[in-house]
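Okay, so here's the structure we're looking at.
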Amino acid sequence: MTSTPNLPKGPLNGIRIIDFTWKAVGPWSSRMLTPYGAEVIHVEPPHEPDDHRWDVRSAIGRNFEGQAKHTDDIFGEKGKGYYTAPYFSQIHNGKLAVSLNARNPKGRELLEALLKQSDAVVENFSARVLDNWGLGWERLHEINPRLVYLSTSGFGHEGELSGYRTYGPIVQAESGLTFASGLPGREPAGWGYSHMDIAGGWIGGLGLIMALMQARKTGEGAYVDYAVTEGAMTLLGPYFLDYHVNGRPTRRPGFPPGNHSEWPAVAPHNTYRTAGIDRQGQDWWVFIACETQEQFETFANLMAKPELLSDPKFATMQARVANQDELDEIVATWTAPRRRYEIMDRCQAVGVIAVAVQGAEDRVDYDPQLRHRGVYPMISHPEVGEFEFEAFPPKLSRTPPDNTLRAPWVREHEQYVFGDLLGLSESEMDTLRSDGII
């Protein structure tokens with residue numbers, strides 16, 4: 001077991017967060033703080049690790065058959081270390097790990113002692129879980145008046161929907177994001193992967209940081225009741241404004257506009273098929289937009305189509321927007337025989353907005369810009385060796401993030417948390433382990 005952890009130097013040194021999060025939206029709120037020096041202690045129930053650890057068959061360097069179902073599989077010799085599935089590694093990177101039964105009176109006593117030494121507690125349970133533990137906001141504030149409590153849920157903790165259970169796609173649907181997605185005249189396309197599990201977590205993390213700043217200035221903690229559906233609605237401002245001011249519904253003829261831009265009205269503004277196919281046989285695409293008259297004039301000359309500048313259907317932005325389907329056909333004819341990166345480079349060289357549409361394989365295997373900026377650093381794990389990892393993006397000049405951290409083993413930091421912080425002896429910890437409390 002690790003004793004004092006080697007945390008990165010950063011602006012959040014000295015911040016300790018007790019993390020009861022699971023799934024994705026909750027973990028991201030505290031995960032975004034770890035590269036900058038925050039100490040985040042991820043708490044898992046004894047004998048029931050975080051369920052994102054369970055995909056052991058796809059874990060890097062592991063080859064367990066099936067899933068570990070028994071205590072001995074997880075904590076015994078077979079599961080020594082018990083690393084993580086890759087996604088756990090992403091959303092809990094840089095955190096510390098302990099196990100604790102907070103429902104048990106002795107476990108709750110240990111937790112309260114730990115909260116007295118902490119700056120924040122975060123969770124994304126369904127409503128009233130911490131209340132049922134006897135650790136609602138009033139009790140938390142009594143234990144530690146400077147403690148920040150971030151509670152992330154789908155609908156918040158007030159109102160008739162507060163008890164409903166949600167996850168990313170539900171939040172996207174209820175907020176209006178799903179309804180606003182897709183192409184004109186087609187059914188809503190949705191957002192594929194759980195977009196709001198990640199974007200929603202980052203919004204919650206901003207609330208956590210603001211509350212920590214307030215607590216540091218005033219010495220007084222705060223309760224942050226964060227509803228992810230409300231976070232999702234902030235991404236739909238123009239639609240709500242359009243309905244409120246103009247009475248126009250989200251879905252109507254021509255809406256949603258797909259890849260076209262309506263606010264502001266810009267044309268061309270679309271993705272266009274290019275030459276070549278990827279390894280899965282899918283077409284390659286490029287995105288092109290001309291936000292100004294000067295950009296369009298440059299682009300028309302680049303396409304060797306100067307006649308467009310005198311054509312009444314394309315001479316002005318207003319005319320181009322009105323005739324953008326026809327304009328899209330002209331642009332698509334020009335892009336079709338050309339490679340996507342060639343188009344991007346030629347357009348950008350003359351000041352026209354363009355970028356190759358990339359898949360994950362392009363970003364990981366090819367993208368030189370991301371390589372230059374160190375987005376995929378090599379990190380090391382004592383059990384599985386070295387592997388590339390996705391870095392956290394904001395770069396601070398004086399205290400850059402440490403993107404070489406890793407996710408913790410199960411119970412990896414018990415000695416530090418229960419021994420160093422709470423002063424328990426090894427025999428006391430052994431008793432707690434045998435009683436199923438840690």
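The values are calculated or read from the model by the stated rules, or taken from the named source; none is laboratory data. Remember, it's a predicted structure, so these values are computed and weren't measured experimentally. Note that we place each Cβ from the backbone using ideal geometry, even for glycine, and neighbour counts take in every protein chain shown.
Okay, here's what the table says:
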| item | result |
| --- | --- |
| Some residue of segment 227-245 being among the β-branched types (Val, Ile, Thr), surrounded by 12 or more Cβ atoms within 10 Å (Cβ to Cβ) and assigned by TED's automatic domain parsing to the domain that holds SER194 | yes |
| Segment 338-352 residues that are surrounded by 15 or more Cβ atoms within 10 Å (Cβ to Cβ), paired with ones that are among the aromatic types (Phe, Trp, Tyr) and in a helix (DSSP H, G or I) (beta carbon under 6 Å, 6 or more apart) | VAL352/PHE299 |
| Qualifying position, being touching a Lys or Arg at 6+ places or on another chain (Cβ under 8 Å) and closer than 30 Å to SER126 by Cα, among ALA215, ALA275 | ALA215 |
| Residues of segment 278-291 that turn out to be touching a helix residue (DSSP H, G or I) at 6+ places or on another chain (Cβ under 8 Å) and surrounded by fewer than 13 Cβ atoms within 10 Å (Cβ to Cβ), as a count | 2 |
| PRO238 being in contact (Cβ under 8 Å) with a residue 24 or more places away in the chain, closer than 27 Å to VAL357 by Cβ and assigned to a loop (DSSP other than H, G, I, E, B) | no |
| Members of segment 2-41 found to be surrounded by fewer than 18 Cβ atoms within 10 Å (Cβ to Cβ) and of a type in the set (Ser, Thr, Tyr), listed by number | THR2, SER3, THR4 |
| Check on THR274, in a loop (DSSP other than H, G, I, E, B) and surrounded by 13 or more Cβ atoms within 10 Å (Cβ to Cβ) | no |
| Within segment 241-278, tally of residues that are free of Cβ contacts under 8 Å to residues at least 24 places away in the same chain and among the small types (Gly, Ala, Ser) | 1 |
| VAL129 being in the same structural domain as MET429 (by TED's automatic domain parsing), under 24 Å from HIS47 (Cβ atoms), under 29 Å from the mean Cα position of the chain (by Cα) and buried (at least 18 other Cβ atoms within 10 Å of the Cβ) | no |
| Exclusive hit being part of a loop (DSSP other than H, G, I, E, B) and either assigned by TED's automatic domain parsing to the domain that holds GLU109 or not hydroxyl-bearing (Ser, Thr, Tyr) (or both), set GLY205, GLY185 | GLY185 |
| Residues that are touching a Gly at 6+ places or on another chain (Cβ under 6 Å) and either modelled with pLDDT of 90 or more or not in a loop (DSSP other than H, G, I, E, B) (or both), drawn from segment 120-129 | ASN124 |
| Selection status of LEU208, within 24 Å of LYS116 (Cβ to Cβ), in contact with a Leu (Cβ under 6 Å, 6 or more places away or on another chain) and at pLDDT 95 or above | yes |
| Residue check, PRO268 surrounded by 16 or more Cβ atoms within 10 Å (Cβ to Cβ), closer than 27 Å to ALA332 by Cβ and at pLDDT below 95 | no |
